[in-house]
Every structure is written in structure tokens, then in C-alpha cells.
Amino acid sequence: MPASAAGGEPVSGPPRVCMVVCNFSPAVGGTERQAEALARGLLAEGGETFVLTQRAAGLPREEISGGLRVLRRLGGPERRGIEGIGYLLGAARLLLRERRRYDLIHCHGIYLHTVAAVLVARAAGKRVVVKAACGGAYGDLAAMRRHKGGRALIAICRAADRFVAVSSEIADELRAAGVPARRIVAMPPLLDTERFRPAETAEKAALRGALGLPASGLLVSSVGRLAPQKGLGTLLDAWGRLVDRPRATLLLVGDGPARGELERRARGDDTAGRVRFLGERRDVADILRASDAFAFHSLSEGMPNALVEAMACGLPCVSSATGGARDLVRHGLNGLLVEPSDAAALAGALETILLDAGLRLRLGEAARAAAAARCAARLVTGRYRALYRELRAPAV
């Protein structure tokens with residue numbers, strides 16, 4: 001007879017996983033993309049998984065998308081006060097309803113649905129993995145503490161079986177919040193190394209033409225939500241200091257609440273005509289591969305997808321020394337790090353990159369090697385599968 005895990009299900013065969021995430025495809029944020037990449041990677045290797053996410057206007061409540069079952073049945077985005085209680089209870093109800101379809105719940109982010117997942121798992125004999133998406137002042141734990149009763153909610157979340165930390169900063173925050181070190185697992189983001197790869201000179205020129213980007217001059221791209229957390233005001237300040245580099249263009253890829261203010265600032269005399277806002281895009285890989293360098297200046301992060309993908313494309317990267325960037329970027333070896341909110345230091349680092357083609361090549365090659373070695377999707381998916389099997393195995 002095969003051994004049985006909690007709930008009486010046989011241990012043979014891959015564990016069945018319920019992914020819980022606030023938003024999901026077609027949303028294009030880092031957390032959403034990572035959840036989808038992992039779910040599809042598990043399916044491709046014969047795993048069984050489905051996604052539970054919140055309702056979205058114009059999208060079906062339930063669908064099979066490329067073989068992946070997606071349930072859009074969680075409450076809407078307002079999760080404070082009474083609405084927050086409703087969201088939590090709704091998540092618990094759905095997880096209970098679906099309990100025969102999964103062995104393990106994987107929460108992407110520490111949110112109210114994480115509380116529901118832990119409570120349901122204990123009642124139904126399931127296991128829970130929680131991935132903290134972001135650290136610092138804008139991070140998951142900081143956001144939970146701002147909820148009424150936040151410390152009590154975090155105390156419930158601490159009962160999860162494993163926590164995935166994508167950066168050393170997040171691991172430190174989890175330990176400080178009372179999570180035992182033995183239940184914290186370091187795990188990098190998943191990276192599609194075929195999609196995000198360097199472009200040869202001719203291919204780069206063709207990409208620029210197809211994308212409507214300048215055919216000559218250097219292109220520095222920056223990808224992310226246009227929000228205060230991303231530090232783009234500092235990036236524009238730094239770009240304005242490079243007034244003697246008129247043949248360099250800054251590409252801002254993304255959208256968000258700060259776009260209007262950033263566009264107004266970009267029309268100033270020191271940056272006019274040297275900054276382009278490309279909006280939210282699904283051809284980010286092509287834009288990165290058409291670029292010559294990458295700038296990332298977020299104030300608070302987990303392990304930034306955009307930075308990892310830019311490195312995989314062989315771009316020399318200038319990044320703020322925050323979150324997972326400090327784990328991945330080795331200053332002067334595979335990129336340059338500057339302190340957050342320091343426009344002068346950021347301008348100096350960008351100028352160094354723009355003026356030295358040899359340095360761009362050396363840093364870019366090292367960046368590609370570092371990102372591919374650490375984050376290749378097949379490698380990371382395999383590590384998750386091993387984690388799931390470990391949790392599903394019966395106690396001995």
C-alpha cells in the first residue's frame with residue numbers, strides 16, 4: 001500500500017498544488033508572472049495545479065487557459081475593514097470547497113488569503129507554502145502590519161509549513177517576525193533564459209526598427225510599475241544631470257499612478273526629448289534586447305524580475321542597493337549598485353556605463369551568466385517540486 005499524507009491521499013505521484021495569488025494573468029506584475037511561470041512549469045512536468053485569484057472585470061469566473069485551471073472568485077481589491085473580513089472569509093470558503101483537488105496550498109504574497117490558507121490547511125489536513133513577494137517599507141509584512149489586527153494576522157501566518165524568501169532581506173524580516181529559520185527556504189525567481197537572452201548587433205538593429213525605437217544612440221531601459229516605490233523620480237533627476245549625453249534615450253516601460261507626474265517632469269529642459277514612456281507592454285523581452293543598458297532604482301523590492309530579466313539579456317545594469325538586487329548584483333563585477341534616492345550617485349554610475357563600451361560588454365556578459373546560473377526556470381521549478389514532495393511526505 002502506498003504511504004498516505006495528511007487527509008488520506010496517496011503520496012505516490014506529484015503533489016497537487018493550489019496556487020493563491022491576488023491577481024493573475026493577464027495582469028503583468030512580477031508576482032503574477034512568477035505565479036504563472038511556476039504553475040505552467042509544474043504542468044509541463046506532469047504536475048497538477050490550479051490557480052485561485054480575485055475576480056477581474058471582463059474575465060470569466062472560471063476557465064481553462066492553456067491547460068491551467070484558473071478560478072477568479074476571490075473578492076475585489078479593497079481588503080480593509082469589513083471588506084477585508086469578507087475577503088478573508090471568502091478565501092477560506094473557496095479553499096474549503098476545493099480541498100479535495102489539492103494536497104498543498106502555495107500562497108504568492110503574505111496577504112489576508114494567507115491567513116485563510118493557514119486556517120483551512122490546519123482544519124483540512126493540508127500543507128501551506130507562503131512566498132513573500134516583497135521586503136522593506138513597501139513589503140508584505142509591512143503592509144500586513146498596517147491592517148487592523150495586523151500583528152495577530154501575522155501570528156496566524158507564522159504557522160505555515162514553509163516560507164519562501166527570494167532575498168536575504170526578506171529572510172531576515174521573516175526571522176524577525178518570529179518564523180523559525182528552519183522553515184525559511186531561499187528561492188530565486190523563475191527566469192525564461194530562451195526568451196530573455198542577448199541580441200546580436202544585427203538583431204538588435206532589427207528589433208529597434210520593429211519597435212519604433214531610435215536607430216542610433218544608446219538606449220537605457222527601465223521596467224516597472226510607475227509608482228513611488230519604484231524610485232523613478234530619482235531616476236529622472238539623475239537622467240537630467242546627463243545633459244551632455246544627448247544621444248542616449250531613457251525608455252520607461254510600465255504604467256501606474258505616478259505616470260502623469262513623471263511625464264510632466266520629463267518635459268523639463270534637462271530631460272526633454274530624451275525620455276520615452278512606452279506604457280505597459282507584453283514585448284518587454286524585445287525592448288530589453290534592443291537596449292544597451294538597464295536602470296533600476298526601486299526603494300523596496302523582493303527579487304526584482306525586471307532586473308533579473310535585464311541581466312539575462314546581457315545588459316549592464318545600474319541598480320539601487322535594495323532587496324534582492326544586493327544578493328544578485330556584485331558591484332563592479334556584473335553590474336553597478338548605488339544607494340537608494342541618491343540621484344548624483346545614480347547619474348555617475350549611468351555616465352560610467354554610457355561612456356565605456358568595454359565595461360558595458362564585460363558587465364553584461366557577467367550579468368547574463370549570473371542570472372542564468374541562479375534563476376533558470378527549469379532549475380527553480382525543480383527546487384519547488386522537491387519542496388512540495390518534502391512537505392507531502394509522511395512523517396517517519
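Length gained on full extension, residue 216 to residue 100: 36.0 nm, using 0.36 nm per residue less the C-alpha separation. In the chain, if the dipole is taken from +1 on Lys/Arg beta carbons and -1 on Asp/Glu beta carbons about the Cα centre, which of 160, 252, 369 is farthest to the positive end? Farthest towards the positive end: 160.
Taking 13 Å as the straight-line reach from the Cα of residue 230, the aspartates and glutamates in range (excluding those fewer than 8 positions away in the same chain) are 255, 301. Taking the DSSP bridge list for the range 17-170 and keeping only pairs wholly inside it, about 15 percent are antiparallel. Dipole magnitude for the chain: computed about the Cα centre from +1 point charges on Lys and Arg Cβ and -1 point charges on Asp and Glu Cβ, it is near 1380 debye.
Restriction of the GluC sites (Glu not before Pro) in the range 236-327 to DSSP coil positions whose beta-carbon has at most 16 other beta-carbons within 10 angstrom yields 280. A Cβ-based charge dipole, computed about the Cα centre of the range 44-201 with Lys and Arg at +1 and Asp and Glu at -1, lands at about 840 debye.
Under a Gaussian network description of the chain, with springs only between Cα atoms under 10 Å, the residue in 208, 146, 127 that fluctuates furthest is 146.
Among 61-69, 229-237, sorting by the average number of other beta carbon atoms lying within 10 angstrom of each residue, highest first, gives 229-237, 61-69.
Assuming R0 = 56 Å, can you tell me the calculated FRET efficiency for the pair residue 202 and residue 64, based on Cβ-Cβ distance, to the nearest 0.05? Display every interim value, and only then the final one.
On the way: r = 40 Å, r/R0 = 0.72.
Approximately 0.90, to the nearest 0.05.
Taking 7 Å steps out from each Cα toward its Cβ at residue 85 and residue 45 produces label points 4.3 nm apart.
Ranking 108, 150, 90 by Cα position along the charge dipole of the range 61-179, where only Lys, Arg, Asp and Glu carry charges on their C-beta atoms, puts 90 farthest toward the positive end. For the chain, DSSP calls about 10 percent of its internal beta bridges antiparallel.
In a reduced charge model with +1 at each Lys and Arg Cβ and -1 at each Asp and Glu Cβ, the range 291-396 shows a dipole moment near 740 debye about its Cα centre. Sequence-distant contacts, meaning Cα pairs under 8 Å at least 6 residues apart, place the relative contact order of the chain at 16 percent.
Where a number appears in this text, it was derived from the coordinates with a stated rule and is not lab data. Small disclaimer: the values here were computed from a predicted structure and weren't measured. Note: ideal-geometry Cβ built from the backbone for every residue, glycine included; neighbour counts use all protein chains shown.
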